[in-house]
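Working notes, beginning with the structure itself.
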Amino acid sequence: MSPAATLAVTATGPGFLSPTGVEIAFVLVGLATLGAALVTVTTRQLVHAALWLVVALGGIAVEYLLLTAEFIAWVQVLIYLGSVVVLLLFGLMLTKAPIGRSPDADSGNRPVALGVAIVAAAALVWVVVDAFRTTWIDLGGPAQGSTRVTGEFLFQHWVLPFEALSVLLLAALIGAIVLSRKDDRPDDQKGPR
């Protein structure tokens, strides 16, 4: 290889065999997130599963930060860590779920569940690879995860589904409150509410 070709190869930047610090951090955080997700679905203690879910969702937020998608990272923290997990923990507390090991948390269908998970993961990877096979990122334009680009895309194309989802979550919260209410009146005093 000539010195000019060697210079051209080194000028293009790090490749697959020489990852940058951000790429190494991305892989390590991804492995930690995967481990937390596996513990979330395999533990038999509901409260521990909810807490490991916090770790997994926090790892995803860190991955977004490493991809320079700060807006999406903070949305992940505010909505999922700040709302969904807190709602899940309140649901566990209101329903008086067992704190220790829960014998009914395991139905004995682990081989079937593992098979379904492998098929679903393979289908998801195939769909994503097929959808983005010919997609190229414009590195000269604004960052794809920036607040401006994300906001423009969200409010141009996804306003109605976003609002419908918020109404659905509100309905689920109201339903959870209604179902968790306990009627303390004796049977002879119960009547229409």
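Values in this text are rule-based calculations from the coordinates and carry no lab data. The shown structure was predicted, so the numbers you read here are calculated from the model rather than taken from an experiment. When we count neighbours, we look across all protein chains shown, and the Cβ atoms used for this are built from the backbone with ideal geometry, even at glycine.
Once phi is turned into ³J(HN,Hα) by the Karplus curve 6.51 cos²θ - 1.76 cosθ + 1.60 with θ = phi - 60°, what whole-Hz value does each residue of region 172-177 show in order, with x for glycine and proline?
For region 172-177, the Karplus curve yields 5, 5, 5, x, 5, 5 Hz.
Can you compute 3J(HN,Hα) from phi for each residue in region 115-123, using the Karplus curve 6.51 cos²θ - 1.76 cosθ + 1.60 with θ = phi - 60°, rounded to whole Hz and x for Gly and Pro?
x, 5, 5, 5, 5, 5, 5, 5, 5
Sorted by packing (mean other beta-carbon atoms within 10 Å per residue), highest first, where do 80-89, 125-134, 163-172 land?
Taking the mean over residues of other Cβ atoms within 10 Å, the ranking is 80-89, 163-172, 125-134.
Residue by residue, what Karplus-based ³J(HN,Hα) values in Hz, rounded to whole numbers, does region 39-50 have, using 6.51, -1.76 and 1.60 with θ = phi - 60° and x for Gly and Pro?
Rounded to whole hertz, the list is 5, 4, 8, 9, 6, 9, 10, 5, 5, 5, 4, 5.
Less than 14 Å Cβ to Cβ from residue 154, Lys/Arg counted +1 and Asp/Glu -1: what total charge do the surrounding residues give?
Summing Lys/Arg as +1 and Asp/Glu as -1 gives -1.
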